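A quick write-up on the structure given underneath.
Any read-out appearing in this document is the output of simple, stated calculations on the displayed coordinates, not a laboratory observation. No experiment lies behind these values; they were computed from the predicted model shown.
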Amino acid sequence: MAIIKVTSVSTGEVMDVEACNVREVKSQILALKGIPTYHQTISSNGKAMEDEMQLQDGSKVQLSMGLHGGCGAGCNICGAGAGCRCDIL
């Protein structure tokens, strides 16, 4: 197993997880944070990674979440505008 550094785009939190591929990273995040894997996008260098992609020890990736409905802040950053209902972030 490799140690992967995962940085949350929304909070800046950095987590170390043990995984060999992106699917295992998502499973570890589910176990640690309770974020469903289908809401997680793992990316590197600005590009989304497929679940089957292999990772090397020391890899650094970013976690973003596809949350439908917006961010709840009313700032329109999420693009939902007046329809923003979510307060997860």
Quiz item: Inside the stretch 12-29, can you point out the residues that are within 10 Å of the chain's Cα centre (by Cα) and aliphatic (A, V, I, L, M)?
Solution: Val25, Ile29
Exercise. Would you be able to tell me the number of residues in the stretch 7-31 that are of a type in the set (A, V, I, L, M) and under 18 Å from Asn45 (Cα atoms)?
Key: 5
